[in-house]
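Presented below is the structure to which this report refers.
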Amino acid sequence: MLKNFEEKIKKSKLKQLGIILSCGYWAISNRFIAFLPGYRIRRFLFRALFRMKIGNYSSIQMKLFVLAPHKIKIGNNTNIGINCLLDGRRNITIGSNVDINFNVKIFTLQHDIQSPDYHTEGGAVTIEDYACISSNSLILPNVKIGMGAVVAAGSVVTKNVPRFAIVAGIPAKIIGDRNKDLQYKLIPNPFPFH
């Protein structure tokens, strides 16, 4: 009887330790690293401490809020703007030369408001090469944004966006097409404390 009680205490202490470590993770990634000056420093720390896969010459601007950074993959020459949110709990894959402007929120998990038990549901988000996600846009779970697609400012993307389509609105709808001959490379700001 005493042995079972001691085992329960050990399990309880392990659970408490897990909660403490989890709080430390949030504090380090979202309250410390996100505010460090210099995208190179932030990129290094997100790679080294949280196993976030970030390609060469990609920049992460200040105030990035991340959930499950180890499930986020970012390609080369990609820009993540100021004050963005990346919810990696169900995986986020962002291609190369993608421009994500400030205050964009990308979610992979949400509650089902019609469910009697309010359970969560979600899916991975994929953003292909050369896509442009404009400021204040919201990308919901289980969405694929095709190569070269453009999401206009303030849009809410609830469904897949075809390659080279331009979408806008709430919910986002196709309003045009983009040039298909894209050859540029996004180069990070040369200033070290950006």
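The values are calculated or read from the model by the stated rules, or taken from the named source; none is laboratory data. Please read these numbers as outputs of a predicted model, since none were measured by experiment. Ideal geometry is used to build each Cβ from the backbone, glycine not excepted, and the neighbour counts take in all protein chains shown. The protein model used for the area step is the full one, side chains on, heavy atoms only, and it has no ligands, DNA or RNA in it. Shrake-Rupley method; radii C 1.70, N 1.55, O 1.52, S 1.80 Å.
Tell me, which residue of segment 21-59 that is open to solvent by 40 Å² or more (accessible area, probe 1.4 Å) and polar (S, T, N, Q) is modelled with the highest pLDDT?
Filtering first and then ranking leaves Asn56.
Table: residues versus (1) over 17 Å from Phe164 (Cα atoms); (2) modelled with pLDDT under 95.
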site	(1), (2)
Ile82	yes, yes
Leu86	yes, no
Asp99	no, no
Thr108	yes, no
His111	yes, yes
Ser115	yes, yes
Thr120	yes, yes
Asp129	no, no
Ser135	yes, no
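Considering only segment 105-147, state which residues are over 16 Å from Gly75 (Cβ atoms) and of a type in the set (A, V, I, L, M).
Within segment 105-147, the first condition is being over 16 Å from Gly75 (Cβ atoms), and the residues that meet it are 105, 107-123, 134-143.
Selection gives Leu109, Ile113, Leu138, Ile139, Leu140, Val143.
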(request) Would you please list the contacts, defined by Cβ atoms under 8 Å and residues six or more apart or on different chains, that run from a residue in segment 175-188 that is over 18 Å from Ser96 (Cβ atoms) and at pLDDT 95 or above to a residue that is not in a loop (DSSP other than H, G, I, E, B) and not β-branched (Val, Ile, Thr)? (result) Ile175/Ala168; Gly176/Ala165; Asp177/Ala165
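Residue-by-condition table, conditions (1) in contact with a Ser or Thr (Cβ under 7 Å, 6 or more places away or on another chain); (2) surrounded by fewer than 17 Cβ atoms within 10 Å (Cβ to Cβ):
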| residue | (1), (2) |
| --- | --- |
| Tyr130 | no, no |
| Leu140 | yes, no |
| Gly148 | no, no |
| Ala152 | yes, no |
| Ser155 | yes, no |
| Lys159 | no, yes |
| Asp177 | no, yes |
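Looking at segment 85-122 only, could you name the residues that are among the polar types (S, T, N, Q), on the phi < 0 side of the Ramachandran plot and in contact with a helix residue (DSSP H, G or I) (Cβ under 6 Å, 6 or more places away or on another chain)?
As a first pass, look at segment 85-122 and keep what is among the polar types (S, T, N, Q): 91, 93, 96-97, 101, 103, 108, 110, 114-115, 120.
Now restrict to residues that are on the phi < 0 side of the Ramachandran plot: 93, 96, 101, 108, 110, 114-115, 120.
Matches in segment 85-122: Thr108 only.
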